[in-house]
Amino acid sequence: MKIKHWMLSATMTFCALFLVMQQANAQDSKNTATENIEFVDLDGKSIHLSDYKGKWVIINLWATWCPPCLVEIPDLVMFQEAHKGKDAVVLGVNYEANDPQKVKNFAESQMINYPVVRFKGRIDGRTTPFGSLKGLPTTYMVTPEGKLVAERVGMVDQKMLETFIERYASLKTNEKSKQDKSKQGDSKEEKSK
């Protein structure tokens, strides 16, 4: 019973955050800036958020010293496995200044199957290219079109991520259907004139 209550609360919280983020990200300039975000993998290779256009991108900020970050890793691994090569990718953004080899070893010990990267440049512990950092773990969700639509401070799980994607897709389908009906109504009015 407690698990069901927690899952319902977590899903509702995530959906509420989605609505807040949807309003906050109405500006196209913010979304354009999001596409230009650059990451560096643990081998020093540059990766851009725009490299994943056409897929959902789950950007998960974490650190090796962060207990809740470690708890959510198995769910992120399962999400990545379920969506690998299809419609979504997880980017694990290591948000600490440890030696990259130590982070690589740690990721291997945790059986992380998704890319582990860092933001390009120095981390300050307070900000990200998406705005202020309120704590770890923090997860951002970027649509296949490159729009930042959600932010969550705290743990996520596979079900929460998949539910969000499904509901977002349903919302977008409903919006498109309403727009199509509105256009059809406008066409009928013009023809009757």
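Bear in mind that the values in this text are calculations on the coordinates, not laboratory data. In this text, all values refer to a predicted model and were calculated from it rather than measured experimentally. Reconstructed Cβ throughout: ideal geometry from the backbone, glycine too, with neighbour counts over all protein chains shown.
Taking R0 as 30 Å, what's the FRET efficiency between Leu70 and Gln101 from their Cβ-Cβ distance, rounded to 0.05?
On the way: r = 19 Å, r/R0 = 0.64.
Here the calculated transfer efficiency is 0.95.
Under a point spin-label approximation (7 Å from Cα along Cα-to-Cβ), what is the Asp124-Lys172 distance to one decimal in nm?
According to this spin-label approximation, the distance is 3.3 nm.
Filter the cross-link list Lys120/Lys172; Lys55/Lys172; Lys45/Lys159; Lys104/Lys159; Lys53/Lys86 down to pairs whose alpha-carbon distance in this structure exceeds 21 Å.
Correct reply: Lys120/Lys172; Lys45/Lys159; Lys104/Lys159.
Work out, step by step, the length gained on full extension between Thr163 and Lys55: first 0.36 nm times the residue separation, then minus their alpha carbon distance; give nm to one decimal.
Length gained between Thr163 and Lys55: 37.3 nm.
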